[in-house]
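Undergrad: Below: one structure in structure tokens.
The values are calculated or read from the model by the stated rules, or taken from the named source; none is laboratory data. Note that the structure is predicted; figures quoted are calculated from it, not measured. Glycine also receives a Cβ, built like all others from the backbone with ideal geometry; neighbour counts cover every protein chain displayed. What goes into the accessible areas is simple: the full protein's heavy atoms, side chains included, and nothing from ligands, DNA or RNA. Shrake-Rupley method; radii C 1.70, N 1.55, O 1.52, S 1.80 Å.
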Amino acid sequence: AKTSVSAFVSIMQGCNQYCTFCIVPYTRGEERSRTIEDIVAECRELVSRGVKEITLLGQIVTSFGKRDIPNQNGKSAFVQLLDAVHEIDGLERIRFTSPHPKGYGDDLIDAYARLPKLVESAHLPVQSGSDRVLKLMHRGYTRERFLGIIEKLRRARPDIGITTDIIVGFPGETEEDFEETLSLACEVEFDNAYIFKYSQRRDTPAAGMPDQVPQKIREERNQRLLELVNEIAARKYKKFVGRQVQILVEGPSRKNPARMIGRTRCNKIVLFDGSDRHRGQIMDLKITRAGSFTLYGDPAIVNL
């Protein structure tokens with residue numbers, strides 16, 4: 001079988017964050033990280049088989065090695081790992097998911113500016129725009145701290161694509177709290193947001209909290225936020241039309257095999273008419289139109 005162009009590498013297991021809506025720390029235990037050497041060896045092996053893009057995975061990837069690997073020259077263990085993976089010849093792109101806003105220290109922001117293979121894309125789960133709800137969720141940051149990270153990231157990489165996760169209808173969320181989430185979405189202008197209606201998970205602290213939000217209100221808030229997020233994203237995607245982007249070609253589109261699919265560095269999906277010989281290539285395309293969360297490009301205009 002053909003090797004895929006991109007691969008996922010798990011760098012750690014478990015989680016120590018104990019967000020009140022989440023069961024992971026109870027089911028998967030405490031954070032355990034692999035060594036940097038071990039991860040780099042796996043990445044090298046993948047690259048030797050034709051992989052061009054690696055996504056580092058963890059429940060909270062930014063907490064990697066916090067206990068076992070001391071900071072070096074102001075760099076956290078996670079940034080040391082990024083540096084080490086960056087050295088691999090033949091690797092074109094590095095991504096990672098899912099981080100925690102608490103893990104975005106200045107060393108990580110600086111890595112975006114410093115490491116060309118680290119793509120300008122960040123999935124940063126905010127969960128809520130209300131400080132009161134963030135506290136109930138036990139997230140460990142405020143709205144202001146979150147906005148500060150976004151601002152620093154955009155200063156380091158102005159064209160960075162930013163996506164997020166948001167929970168609506170968390171126990172105790174008032175209309176006012178929800179409106180703070182709406183206003184945060186307007187302020188940040190996410191490229192996409194994955195919205196979850198809060199649902200009670202057995203044995204999590206939030207399941208037993210007072211003031212559970214009625215299903216009908218959860219549905220309604222979900223709809224309002226979804227419409228806002230989609231409208232902002234559509235506007236951002238339209239701005240790509242007429243621009244030149246660089247994509248890594250992943251293979252044929254599942255829906256239409258005559259079209260090839262690739263991603264920009266900022267994680268936008270681009271479709272174009274091409275063939276299997278383009279697979280694994282880094283190509284420049286001119287964007288001709290924007291669909292819903294998809295861009296369409298023409299290689300002929302650029303790659304003469």
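Undergrad: Please find, within segment 149-176, the residue that is farthest from Ile195 (Cα to Cα) out of those that are within 17 Å of the chain's Cα centre (by Cα) and among the small types (Gly, Ala, Ser).
TA: Among residues in segment 149-176 that are within 17 Å of the chain's Cα centre (by Cα) and among the small types (Gly, Ala, Ser), the one farthest from Ile195 (Cα to Cα) is Ala156.
Undergrad: Filter segment 5-25 down to residues that are within 30 Å of Gly251 (Cβ to Cβ) and hydrophobic (A, V, I, L, M, F, W, C) and give me whichever is surrounded by the most Cβ atoms within 10 Å (Cβ to Cβ).
TA: Among them, the one singled out is Ile11.
Undergrad: Within segment 108-131, take every residue that is crowded, with 18+ Cβ neighbours inside 10 Å and over 17 Å from the mean Cα position of the chain (by Cα) and give me the one that is farthest from Gly172 (Cα to Cα).
TA: Among them, the one singled out is Gly129.
Undergrad: To continue, here is another question. Would a scan of segment 267-288 turn up a residue that is of a type in the set (Ser, Thr, Tyr) and in contact with a helix residue (DSSP H, G or I) (Cβ under 9 Å, 6 or more places away or on another chain)? Walk me through it before giving the result.
TA: Narrowing segment 267-288 to residues of a type in the set (Ser, Thr, Tyr): 275, 288.
Still in the running and in contact with a helix residue (DSSP H, G or I) (Cβ under 9 Å, 6 or more places away or on another chain): none.
No: segment 267-288 contains no residue that is of a type in the set (Ser, Thr, Tyr) and in contact with a helix residue (DSSP H, G or I) (Cβ under 9 Å, 6 or more places away or on another chain).
Undergrad: Separate question: Restricting attention to segment 77-107, report how many residues are part of a strand (DSSP E or B), touching an Asp or Glu at 6+ places or on another chain (Cβ under 9 Å) and either open to solvent by 20 Å² or more (accessible area, probe 1.4 Å) or within 15 Å of Ile39 (Cβ to Cβ) (or both).
TA: Qualifying residue count for the region: 2.
Undergrad: Right, here's the next one. Residue check: is Arg28 open to solvent by 60 Å² or more (accessible area, probe 1.4 Å) and at pLDDT 95 or above?
TA: No, not satisfied.
Undergrad: Also, I was wondering about something else. Scan segment 54-76 and give yes if some residue there is open to solvent by 20 Å² or more (accessible area, probe 1.4 Å), part of a strand (DSSP E or B) and touching a strand residue (DSSP E or B) at 6+ places or on another chain (Cβ under 7 Å), otherwise no.
TA: yes
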